[in-house]
Amino acid sequence: MYMVMDPILITRMELTFKRDMPGFDGARHFVVEPVGEGPEGVFGRLICTDTVQMQAGGALSNLALLVMSPWILWREYEVEIDEVIAENLGLSSSEDVMLLVIVHPQEPLTRSTANLYSPIVINRRTGIADQLVPLFSEREIGWSVRTPFPSEGDD
């Protein structure tokens, strides 16, 4: 079991998911790239390079999600990577692991939320990834699919 707790700055990387991203049939190949100026950043854009079938029907050829490293805003965030996930992604140590969470952006950005319940787990050496879907409820895990961004002064 691996505990992951280090914030990262996002750099460009190609990702291959072990299975379709939940909710998006056929979504397995992605590129993550920093948002904004410079080679790396706090926020990234997760761009699917596959044509995706939506569960509600219809095809989508331009799926892009906003992502970030959770520890930049939630220092107390903890995720346990169990042995099954570690083996499935080829993780050999906690240094191999990179976690990203999907951000649901709002205007202003401080009203945004993030999916801390089911983060994206990435093997930073190989680019193999999967979205962690816990066996327990949001209440049992302690994090929500729509966790609010902390207000100024929150620690």
*The list (i) 18.8, 82; (ii) 17.5, 58; (iii) 15.1, 43 gives values of Rg and Dmax of the Cα atoms in Å, and only one came from this structure; which label was calculated from it?*
(iii)
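Could you tally the net charge around Val103, taking each other residue with its Cβ under 11 Å from the Cβ of Val103, Lys/Arg +1 and Asp/Glu -1?
Working: positive: Arg45, Arg146; negative: none.
That works out to +2.
Using only alpha carbon pairs under 8 Å that are at least six residues apart, calculate the relative contact order of the chain and give it in whole percent. Spell out each step's value before the answer.
Values: 342 pairs, mean separation 33.2, N = 155.
Normalised by residue count, the contact order of the chain is 21 percent.
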_Let's test the formula: R0 of 35 Å, r as the Cβ-Cβ distance of Val42 and Val84. What FRET efficiency results, to the nearest 0.05?_
0.70
*In a GNM of the chain with a 10 Å cut-off on Cα contacts, which of Met21, Met68, Met54 has the highest mean-square fluctuation?*
Met54
_Pair Arg124, Met13: separation of 7 Å Cα→Cβ label points (nm)_ = 0.7 nm
*Between beta-carbons, use under 10 Å as the cut-off and find the net charge around Ala27, counting Lys and Arg +1, Asp and Glu -1.*
-1
*Which ³J(HN,Hα) values, rounded to whole Hz and listed in residue order, are derived for segment 69-77 from phi using the Karplus coefficients 6.51, -1.76 and 1.60 in 6.51 cos²θ - 1.76 cosθ + 1.60 with θ = phi - 60°, glycine and proline given as x?*
7, x, 6, 5, 10, 10, 5, 8, 5
*When the chain is treated as a GNM, springs tying every alpha-carbon pair under 10 Å, which of Phe136, Phe43, Phe24 comes out with the largest mean-square fluctuation?*
Phe136
*asked:* Please list, ordered by chain and number, the residues whose modelled amide H lies under 5 Å from the amide H of His29; skip anything fewer than 5 residues away on the same chain.
replied: Phe17, Thr49, Asp50
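Every number in this text was worked out from the coordinates using simple rules, so none of it is lab data. Just so we're clear, the structure is a prediction, and the values are computed from it rather than from any experiment. Using ideal geometry, Cβ is built from the backbone for each residue, glycine included, and neighbour counts are taken over all protein chains shown.
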